[in-house]
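No lab work stands behind these numbers, since they all come straight from the coordinates. For clarity, every value in this text was computed on a predicted model and none was experimentally measured. Positions of Cβ are backbone-derived with ideal geometry, glycine not excepted, and every protein chain shown enters the neighbour counts.
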Amino acid sequence: MKTLSSLLLVSLCIGVAAPAAARPRVPATAWPGVGDVLLNLTVDAPLATTPVVPLATWLGVEVSPVPVPTAMWCGDLALVRLSAEFRRWDGNEDFTTAGPPGIAVYTKTVDIPDGCDTLYVTISATGDAHGGNQILLTCLVGGAFCNPGAAAVFGDVIPNGWIALQRHGAADDFHDNNVNYQWCTQVTPSTTVTVQIRLARANGLAISPVFLQQEHFYIDASQTFGGCVAGVAGT
């Protein structure tokens, strides 16, 4: 009992200090000497911003951005796309019953960038071949065949420089099939050339046409240090 009374007495005697009142914040200018420093501080005026030169001006092509040879160049392993276009996405088709030289389905003049010595010409389309005919295509650059070589002949005659992309059986109609091919040819850097793709028929009924529709055409260039040349068969 005596112990309990002592504990109660100790508990009653313990005081808890009240929190101190928050001191008002004193502005920096009230500190001795600080106000005079701030009032007399001298700062240089900001420098004028240098005008930004547009990229086209920096490259020197602001007058005519495309096509400008000085705006593009070929380096090691670089492929430069010079043109990407489409035709016959309007419900119409290119068609002919003529043999080579056939008809032109695409013509484009492009500037060859500095350093580019190889040109690539690609067609991707949907084709029909009627009456057992072959769809023949050729690529010309500057009026010369992209590849003037001969096709393998197994009873059919195909002129040099032309390729046969599809054919079904004799007198058959072969509808809505993929036509896709790419040529490569040597070109001179920093020149202007005209690219043309032509369509013809062969080795079927002379009165039956061949067709192309929904066509895409791509022209690219690169540096191969010698242009497109004949490859070597593996061993």
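Rg ratio for region 174-215: its Cα radius of gyration over 2.2 N^0.38 Å, N being its residue count, equals 1.68. Protection proxy ranking for 213-226, 91-104, using the average of other Cβ atoms within 10 Å per residue and placing the highest first: 213-226, 91-104. Using every pair of distinct Cα positions in region 95-235, the Kirkwood expression returns a hydrodynamic radius of 15.8 angstrom.
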